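Novice: Below are the structure tokens for one structure; questions will follow.
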Amino acid sequence: MPLTKSAIKRSKQNDSRHARLVPFKTNMKTMIRKVSDAVKEGKQDEAKALLPQVYKSIDTAAKKQIIHKNTADRKKSLVARMVGAKKK
């Protein structure tokens, strides 16, 4: 537990920021999971349709500094490779 007045305030600020930013990370993970599930089920058209929404959610998380820019690029590349992979 924080003891000083400034530490208590910082703790409150961290909690409120965390609560405000968590939905963006959750949305990003959900969108990636939707594309992954669509690819696993063989629905390539659906996965391609979801791609712009996935990119938007990843870029938003990076813009709000929830994830690093390079991490965002890596995730977008991973999703693009999943969608672009050919079924054998």
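Novice: For the range 57-88: of the residues being under 9 Å from the mean Cα position of the chain (by Cα) and without any contact (Cβ under 8 Å) to a residue 24 or more places away in the chain, which is least open to solvent (accessible area, probe 1.4 Å)?
Specialist: So the residue we want is A72.
Novice: Considering each residue of the range 27-56, count those that are surrounded by 14 or more Cβ atoms within 10 Å (Cβ to Cβ), among the small types (G, A, S) and touching a residue at least 24 places away in the same chain (Cβ under 8 Å), and give that number.
Specialist: Looking only at that region, the number is 2.
Novice: Pairs please, first residue from the range 1-26 and closer than 21 Å to K64 by Cβ, second anywhere and open to solvent by less than 70 Å² (accessible area, probe 1.4 Å) and part of a helix (DSSP H, G or I), Cβ atoms under 8 Å, 6+ apart in sequence or on different chains.
Specialist: F24/S57; F24/T60; F24/A61; K25/A61
Novice: If you don't mind, another one. Provide a single number: the residues in the range 1-40 that are closer than 25 Å to D73 by Cα and not hydrophobic (A, V, I, L, M, F, W, C).
Specialist: Looking only at that region, the number is 14.
The values are calculated or read from the model by the stated rules, or taken from the named source; none is laboratory data. This is a predicted model, so every value here is computed, not measured. Methodologically, a virtual Cβ is constructed for each residue, glycine included, from the backbone with ideal geometry; neighbour enumeration extends over all protein chains shown. Accessible surface is based on the protein model in full, side chains and every heavy atom, while ligands, DNA and RNA are left aside. Shrake-Rupley method; radii C 1.70, N 1.55, O 1.52, S 1.80 Å.
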